[in-house]
1. In terms of solvent-accessible area of protein heavy atoms at a 1.4 angstrom probe, what is the ranking of MET29, MET96, highest value first?
2. Taking GluC sites (Glu not before Pro) that fall in a DSSP loop and have at most 12 other Cβ atoms within 10 Å as cut points, what is the longest piece of the chain between them?
3. Got a number for the accessible area of ARG242? Probe 1.4 Å, square angstrom, nearest 10.
4. Rolling a 1.4 Å sphere over the protein heavy atoms, what is the accessible area per residue of segment 349-389, to the nearest Å²?
5. Taking the solvent-accessible surface of protein heavy atoms with a 1.4 Å probe, what is the per residue accessible area of segment 204-267 in Å²?
6. Report in % the part of the accessible area of the chain that belongs to carbon and sulfur, leaving out ligands and nucleic acids; probe 1.4 Å.
7. Let me spell out the model: positive unit charges on the Cβ of Lys and Arg, negative unit charges on the Cβ of Asp and Glu, origin at the Cα centre of the chain. What dipole size does that give, in debye rounded to 20?
8. Enumerate the amide H contacts of SER171 below 5 Å, restricted to partners 5 or more residues apart or on another chain; note that Pro and chain-start residues carry no placed amide H.
Amino acid sequence: MKFLLLIGFLVLISTWWVDGGVGVITDPMVELTLVQSAVPKGAVCLDGTPPGYHIQRGYSSGANNWLVDLEGGGWCNNRRSCLFRSTTALGSSKYMDKIYFSAILSNKSEENPDFYNWNRVRVRYCDGASFAGEGYDNESGLYFRGQRIGSAIMEELMGIGMSSAQQALLSGCSAGGLASVLHCDNFRALFPSQTIVKCLADAGLFLDYVDVSGLHGLRSFYDGVVTLQGVAQNLPERCTSRMNATLCFFPENIVNGIETPGFLLNAAYDTWQIQYSLAPASVILDGPWKFCRLNYSKCDSSQIEFLQGFRKNMTTVAESFYQSKATNGLFINSCFTHGQSVLPDTWYGNNSPSIENKGIAQSVGNWYFNRTEVKLIDCPYPCDTTCHNLVT
């Protein structure tokens, strides 16, 4: 399961730079900036190399506004998987290169109408614990310094202009979406009270849900991440004071306590969670879930009923989050996909997914700029005809 978790995320990440898997994104590539000043602070990737980020400067009305997006890409929960990760761009800046900015990071008004002229930053992910680890493993020589990496990069961004931000948005997709939840209030604390600060978590609502074998497989995996990488000390005390630290790595147990306004964007039938948490290959091997887990059209009625139960759990968590603070927002659509702010055709395409005729970029913008309350929860599958579903 460990390698499948990483490989699954690598596959997803590789599709982020392609327009719906059909055409090539034409946005210019953005150079990598390495934060050399982070190294003396111990804020380093798994292999000890400096962390990095990419930035496109804002201009005109967006010159003093900042969007900071935390890269996703799974986690590692033992020495073996973390050592493997350290030989990739998800564990070492040696393998990082310039990237395309598209979708929520696009510099084109027709693709990203609300944030195109902001200062837009992609923070690279090279620790394997959603920027939350703190430790060093003598046996493997691996650095678990995600928390320090986040702090060092934010310090650098503040020094190059973010300290003067009038508006700021912390976003992230997948493991980056979880990181946005974990670090939202810390991000808010960087700015003076007059700065408008909010957080967006895309595909980050990972649930502690019983899998098809009756086990809590993702809980077991997260326990390895939290234990190996020393994550517990960086989790919210309001949660760890009342439950096991591993449970506090699940967004459902911490989102309601976040003080900063937040937005949850998630597919109710999250394909990563279906394939790697609910019906992982290591559990099903061969049997009725072999094909259903990869293609919803291959599911029988009992399997769809199981997935409807998962959706119900997700919408209950989302509803509770929305009710916890009047300034929170939701977009939970009944699609089979994972990550919708990072793909141009799902973020703001001509036929992008919608709920009540409102697309994702429009909904996020309406929430951020207080144009209207945004609480959009889709009807159950198969009612939504606007989905861009992923099948294997």
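The values are calculated or read from the model by the stated rules, or taken from the named source; none is laboratory data. Not measured: the values here are computed from a predicted model. Here Cβ is always computed from backbone atoms with ideal geometry, including for glycine, and neighbour counts include all displayed protein chains. Quick note on the areas: whole protein, heavy atoms, side chains included, nothing else; ligands and nucleic acids left out. Shrake-Rupley method; radii C 1.70, N 1.55, O 1.52, S 1.80 Å.
1. MET29, MET96
2. It runs 140-258.
3. Number for this one is 150 Å².
4. Normalised by residue count, the accessible surface of segment 349-389 is 53 Å².
5. 37
6. Carbon-and-sulfur percentage of accessible area, whole number: 51.
7. For the chain, the charge dipole is close to 400 debye.
8. Correct list: VAL68, ASP69, LEU70, LEU200.
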